[in-house]
Amino acid sequence: MRLLANLALQNLGRRKARSLLLIAAVAISSGVVFTGATLMRSIDDSMAVGFTRLGADMMVVPEGALTNITAALLTVEPTDLVLDADVLAKVRLASVARAAPQKIARVEHSGIGGHHELVDLIGIDPALDFTIQPWLKEKLGRELRPGDVILGAGRDAPLGSQLLIFGKPHMVYGKLGRTGVGTHERGVFMSIATLEAMAPSMPQRPAVVAPGKVTGFLVELAPGATALQARFAILSAVKGARVVTGDSSLSGIRQGLAALLKGILAVMLLMFASMAVMVSVLFSAIVTERRAELGLLKAIGARGTQLIGVMVVEAVIATGFGGVLGVTLGVLVMRFYERSLVYYLDNIGVPFVWLDLPHTVAFAAAAIVLAAAIGALGALYPAWRASRRDAYDLVRGEG
Amino acid sequence: MLACRQVSKSYKTERGVVSAVAGVDLEVPAGRFVAIIGRSGSGKSTLMAMIGGLSRPSTGTVEVGGIDVWRLSETALAAFRNERIGYVFQFASLLPTLRLIDNVALPAMLGRRQSTAAAYAKASGLLDRMGLGGYLDAYPSEVSAGEQRRAAIARALINDPALLLADEPTSDLDEQTEIEIMDELLAVNRELGTTLVLVTHNLALAEQAEQIVHIANGAIVA
């Protein structure tokens, strides 16, 4: 009813200082939660990129394969030995979060570089890969397709240009940033299907280009799993494999930071919960103060639902407005954050991936709706209690 | 019109059970002006609250127009208060954030029996009748206590109640305003045929009533 809504609005205007304090408290809480959630998701995504750039936790390669250990496990090393492509998928180890297969064929006379230059052609599964694509410095504005190649930082060709490999044209889809890992720097990356399709054109065909075979896997540990656990699990499940472990401290940092982010999220949720309690306490006080008015409304025929409606609408208007204000403040804070810290991180080469616009809008809407819902819930109980009192007790300021 | 049978109200307090009204029997025919008199704390306001559906009796029944008030559901009781009863309280009982015309129209709009336009037209007419035609858009704080009380009477009449309950409606007013308010209430009783129950401790006011009920210690003594 419009008159009751007006009544709620005018009640807010009647106690300006209290209403402003309530709005400010809700604005701060919802602003912190909105900004925190948006930044956390952004940091989470950035960490995903940053950590995957640090490479895999371990590599699984054929027993007897030589490996050149670097600080970052980004690619496997070329070898004549192969593993079955589905060897890890078949055993499904709990200690393995994901395993990205790679095929690496070291070839000459490919048409890339000098005539006798050895070029590493590296096949990846774009859906499972987590050590190559995070390093994409520039790329075409679409997904990787068959026939596309990605160039290591040590090779140069314009994006979208044609590159002849064994006489067949391939489009330069993207270029990687500098990693300092030789294979990565000089490699030419493509999907496994693209590499396999290239095989008939190769004068000397390495065993690895055959379908169903891979040079090895880059492995990320499952949360809580140790390298030792995974190593034993893999070795006992996969015959003829060798496990190469990377820098174990990176796994620990990755897992530790993921837990920390979850902890921060829990703190933010607690903050929203405390806001709910605060709103409820405040509206208990407001209902107490307005007992006579509520009693009068009841005396002239307002139903219990109408009394509750007045209080809840009043709360929703205040907390919803606080939510909108909080989100606006949050956006301003993030603009400041972008101009300072993110700018600095960008300058030192640390990637920061902002949450995309649809998700940011969804977070903003959720923060506002949640703030309004907390207001409604906070006012509901005291209003419901008041609506059940005798009108006479309320009119006399009792009950 | 109004029948109370063995109506009692008691409260539990830290010092034990306190009886505010004890076994009251009362019959009031339709259209009569009844004054309930008694000293402060005698239970007269509590009795009126039970008659008007504002306070549930501990025991006994209250019938208004043949309706057993306290057997009604919460929703039906709200509709009863809205449609059958008009209240004028002893304090300035207007909602401070609404204009006088909004205050008067509010019961009609709560009951949804009248359109908004009809409710406001009637509210305007009632305020005019109370001599407040020039204050339709004024807020309660912008008019005097007597004018607020007259607006409260207008509000009580908006739904054409069968029973008008006035609880010490002139308690904080000067003598001249008191006379004016009483004249309004008497006019409503005589011209509209509305049953009027007036709670007062002012014997001079009570003498104008057709029936006087004297309450002491929660019981009718005369």
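Here are the numbers:
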read-out: Among residues of region B:132-179, those that are in contact (Cβ under 8 Å) with a residue 60 or more places away in the chain, touching a helix residue (DSSP H, G or I) at 6+ places or on another chain (Cβ under 8 Å) and over 20 Å from residue B:121 (Cβ atoms), counted; value: 10
read-out: Subset tally (residues that are within 14 Å of chain B (Cβ to nearest Cβ), crowded, with 20+ Cβ neighbours inside 10 Å and of a type in the set (A, V, I, L, M, F, W, C)) for region A:354-399; value: 4
read-out: Subset of region B:187-215 that is of a type in the set (Gly, Ala, Ser) and surrounded by 15 or more Cβ atoms within 10 Å (Cβ to Cβ) - its residue that is farthest from residue B:39 (Cα to Cα); value: B:209
read-out: Set A:159, A:128, A:136, A:121: member being touching a residue at least 12 places away in the same chain (Cβ under 8 Å) and either surrounded by 21 or more Cβ atoms within 10 Å (Cβ to Cβ) or in contact with a helix residue (DSSP H, G or I) (Cβ under 6 Å, 6 or more places away or on another chain) (or both); value: A:121
read-out: Tally, over region B:110-120, of residues that are at pLDDT 90 or above and either closer than 22 Å to residue B:148 by Cβ or β-branched (Val, Ile, Thr) (or both); value: 2
read-out: Spans of strands (runs of 3 or more DSSP E) in region B:128-222 with at least 1 residues of a type in the set (Gly, Ala, Ser) and within 14 Å of chain A (Cβ to nearest Cβ); value: B:163-167
read-out: All positions within region B:76-118 that are closer than 21 Å to residue B:193 by Cα and buried (at least 20 other Cβ atoms within 10 Å of the Cβ); value: B:81, B:82, B:85, B:86, B:87, B:88, B:89, B:104, B:107, B:108
read-out: Residues satisfying the stated conditions in region B:109-123, i.e. facing chain A (nearest Cβ under 9 Å) and touching a residue at least 12 places away in the same chain (Cβ under 8 Å); value: B:110, B:111
read-out: Conditions (1) within 14 Å of chain B (Cβ to nearest Cβ); (2) surrounded by fewer than 19 Cβ atoms within 10 Å (Cβ to Cβ); number of the one not met by residue A:293; value: (2)
read-out: Tally of residues being within 13 Å of residue A:317 (Cα to Cα) and hydroxyl-bearing (Ser, Thr, Tyr) across region A:11-45; value: 1
read-out: Exclusive hit being facing chain A (nearest Cβ under 8 Å), within 17 Å of residue B:161 (Cβ to Cβ) and out of contact with any Cys (no Cβ under 7 Å at 6 or more places or on another chain), set B:95, B:106; value: B:106
read-out: Residue A:312 crowded, with 20+ Cβ neighbours inside 10 Å and either within 10 Å of chain B (Cβ to nearest Cβ) or under 45 Å from the mean Cα position of the chain (by Cα) (or both); value: yes
read-out: Matching residues in region A:350-379 - criterion: being aliphatic (A, V, I, L, M) and outside any helix (DSSP H, G or I); value: A:350, A:353, A:355
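Here is a yes/no grid of residues against (1) free of Cβ contacts under 8 Å to residues at least 12 places away in the same chain; (2) within 30 Å of residue B:46 (Cβ to Cβ); (3) surrounded by 14 or more Cβ atoms within 10 Å (Cβ to Cβ); (4) in contact with a Cys (Cβ under 8 Å, 6 or more places away or on another chain):
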| residue | (1), (2), (3), (4) |
| --- | --- |
| A:298 | no, yes, yes, no |
| A:318 | no, no, yes, no |
| A:327 | no, no, yes, no |
| A:335 | yes, no, no, no |
| A:345 | yes, no, yes, no |
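One line per residue, one yes/no per condition, for (1) polar (S, T, N, Q); (2) touching a strand residue (DSSP E or B) at 6+ places or on another chain (Cβ under 6 Å); (3) within 22 Å of residue A:390 (Cα to Cα):
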site	(1), (2), (3)
B:49	no, no, yes
B:74	no, no, yes
B:80	no, no, yes
B:85	no, yes, yes
B:108	no, no, yes
B:125	no, no, no
B:138	no, no, no
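The values are calculated or read from the model by the stated rules, or taken from the named source; none is laboratory data. Since we're looking at a predicted model, the values are computed, not measured. Positions of Cβ are backbone-derived with ideal geometry, glycine not excepted, and every protein chain shown enters the neighbour counts.
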